[in-house]
1. Residue by residue through the range 351-399, note down the ones that are farther than 30 Å from Val237 by Cβ, part of a loop (DSSP other than H, G, I, E, B) and open to solvent by 60 Å² or more (accessible area, probe 1.4 Å).
2. So if I check each of Thr306, Thr299, which one is among the β-branched types (Val, Ile, Thr) and touching a residue at least 60 places away in the same chain (Cβ under 8 Å)?
3. Quick one: how many residues across the range 288-311 are open to solvent by 60 Å² or more (accessible area, probe 1.4 Å) and more than 14 Å from the ligand (Cβ to nearest atom)?
4. Can you find, within the range 126-147, the residue that is modelled with the lowest pLDDT among those that are hydrophobic (A, V, I, L, M, F, W, C) and within 12 Å of the ligand (Cβ to nearest atom)?
5. Could you look through the range 247-264, keep only residues that are assigned to a loop (DSSP other than H, G, I, E, B) and open to solvent by 20 Å² or more (accessible area, probe 1.4 Å), and pick out the one that is nearest to the ligand (Cβ to nearest atom)?
6. For the subset of the range 36-55 comprising residues that are more than 14 Å from the ligand (Cβ to nearest atom) and touching a residue at least 60 places away in the same chain (Cβ under 8 Å), which member is nearest to Arg94 (Cα to Cα)?
7. Could you list, in sequence order, the residues of the range 22-42 that are at pLDDT below 90 and crowded, with 24+ Cβ neighbours inside 10 Å?
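The values are calculated or read from the model by the stated rules, or taken from the named source; none is laboratory data. As the structure is a prediction and not an experimental result, all values here were calculated from the model. In this analysis, Cβ positions are derived from the backbone assuming ideal geometry, glycine residues included, and neighbour counts consider all displayed protein chains. Calculation scope for accessible area: heavy atoms of the full protein, side chains included, ligands and nucleic acids excluded. Shrake-Rupley method; radii C 1.70, N 1.55, O 1.52, S 1.80 Å.
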Amino acid sequence: MANVVVIGGQWGDEGKGKVVDILCPAFTDIVRFNGGNNAGHTVRFGDRHFALHIVPSGILQPGCRCLVGPGVVVDPVGLGEEIRSLEEQGISVRPRLVLSSRCHLVLPGHRALDLAREGSRPGGKLGTTGKGVGPTYESRAARTGVRLGTVRQPRRFRDAVLAASQDLERLLGAFPGATVPTSAEIDRWLEAALALAPMVGDVATALHPSSEPSRSILFEGAQGTLLDLDHGSYPFVTSSGCLAGFAAPACGLPARTIGGVLGVFKAYTTRVGSGPFPTELEDAMGEHLRRRGNEFGTTTGRPRRTGWFDAVAAAAAMRWNGIEAIALTKLDVLDEVAEIRLAVRYKLGSEELRELPDDSDDLAHVEPVYETLPGWQAQTSGVTSFSRLPERARSYVERLEELLGAPAVMISTGPRREETILRPVPPLRDWLPDDLLR
Ligand code: IMP
């Protein structure tokens with residue numbers, strides 16, 4: 001069995017949680033490798049509903065082990081609450097969760113700095129999730145951060161946290177009116193961090209093939225390709241690498257560990273936070289997609305911006321990640337739309353562009369060139385086989401496959417686990433055992 005990376009091909013919120021949840025019975029280990037609790041993965045099955053932020057979505061399927069790699073930043077208070085909430089819902093978490101000792105910790109000061117920066121950015125807000133993720137990665141790069149492994153030496157840990165908090169307080173001093181964390185807040189945070197100690201381990205060693213050759217790994221990406229720190233719409237990006245290529249090295253594994261890349265794309269596009277969005281719809285159709293698709297952030301509750309599928313941006317995501325197969329989500333959200341548009345090229349002034357510009361200012365000024373397809377105006381919600389989709393819905397999927405150059409092996413027709421079409425074609429056939437494909 002190949003080790004597979006599941007990656008978001010747009011600006012996040014593509015529905016990766018549900019896709020990982022469906023695939024994970026075929027894997028022994030589910031691994032998060034980037035981001036922090038800025039991520040929000042929603043999984044529904046039966047009448048149950050789970051929102052995950054740090055814990056890999058694999059935790060909802062009994063049997064597999066879940067790991068959080070060194071590239072993830074961990075907020076102990078948030079993670080503690082997430083674990084508690086899952087355990088209250090009857091999910092076994094602690095015995096199955098390994099947290100890398102190398103993970104950097106999100107301190108209360110990082111959150112305060114995130115909010116203070118957002119409030120005083122000269123060019124306007126980035127629209128961060130306010131979880132302190134960016135400032136934590138800054139401390140990591142500045143080599144002033146605190147790593148999770150230190151909790152194994154409580155006294156040294158406490159000293160390191162107090163010193164780092166003072167450092168952050170100095171930085172906060174540059175923002176008049178910024179809220180400085182209180183000592184009670186830092187004490188509560190310390191307690192939450194120390195409680196994570198039994199789950200701390202060495203993710204690279206745990207995943208190395210020599211430890212158990214029959215293990216198979218599913219890497220669960222967070223955020224999305226267009227939020228990648230380098231390749232996304234900088235500066236309107238997150239502060240970690242979001243591409244599939246990061247997955248193995250970020251966990252201390254060789255690049256050749258990866259055997260397949262599945263890209264998750266929504267049947268239209270959404271974005272939260274600021275930044276260019278060429279196919280954005282700020283009209284009744286945009287509102288329809290937001291309402292019908294329940295496009296409100298899992299982490300922050302913010303309404304998501306909505307727009308048509310952007311095949312120019314998606315094609316870039318295909319190349320950068322080496323995506324071999326597509327999971328297309330929320331097809332049913334388009335059920336009532338009379339005419340569906342798809343951006344196939346851009347215009348920038350008199351110039352025609354087939355590639356995503358590398359400059360956000362250019363991206364903000366492009367005009368999409370659309371192709372229009374007739375809508376199917378019939379119900380696809382809950383359909384579980386490709387042949388049962390209305391012909392026009394099949395044509396839409398096939399046009400996307402053609403534009404992106406890869407098969408749609410999974411199509412989601414509703415929020416629940418059961419509302420999914422799995423197509424038994426390569427490479428999915430090579431990644432999943434037959435019983436899962438049926
Ligand atoms: P940060 O990651 O909180 O610093 O936010 C930076 C940008 O990434 C903002 O536009 C956020 O809305 C966006 N972002 C971060 N995480 C996610 C996610 O999981 N889904 C969608 N957008 C995200």
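1. Gln377, Gln379, Thr384
2. Just a single option satisfies the conditions, and that option is Thr299.
3. 3
4. Looking at residues that are hydrophobic (A, V, I, L, M, F, W, C) and within 12 Å of the ligand (Cβ to nearest atom), I get Leu126.
5. Among those that are assigned to a loop (DSSP other than H, G, I, E, B) and open to solvent by 20 Å² or more (accessible area, probe 1.4 Å), it is Ile258.
6. Val43
7. Result: His41, single match.
Per-residue answers, yes or no, for (1) basic (Lys, Arg); (2) assigned by TED's automatic domain parsing to the domain that holds Arg158; (3) surrounded by fewer than 22 Cβ atoms within 10 Å (Cβ to Cβ):
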{"residue": "Gly173", "(1), (2), (3)": "no, yes, yes"}
{"residue": "Ile186", "(1), (2), (3)": "no, yes, yes"}
{"residue": "Glu220", "(1), (2), (3)": "no, no, no"}
{"residue": "Gln223", "(1), (2), (3)": "no, no, no"}
{"residue": "Leu226", "(1), (2), (3)": "no, no, no"}
{"residue": "Tyr234", "(1), (2), (3)": "no, no, yes"}
{"residue": "Ser240", "(1), (2), (3)": "no, no, no"}
{"residue": "Gly245", "(1), (2), (3)": "no, no, yes"}
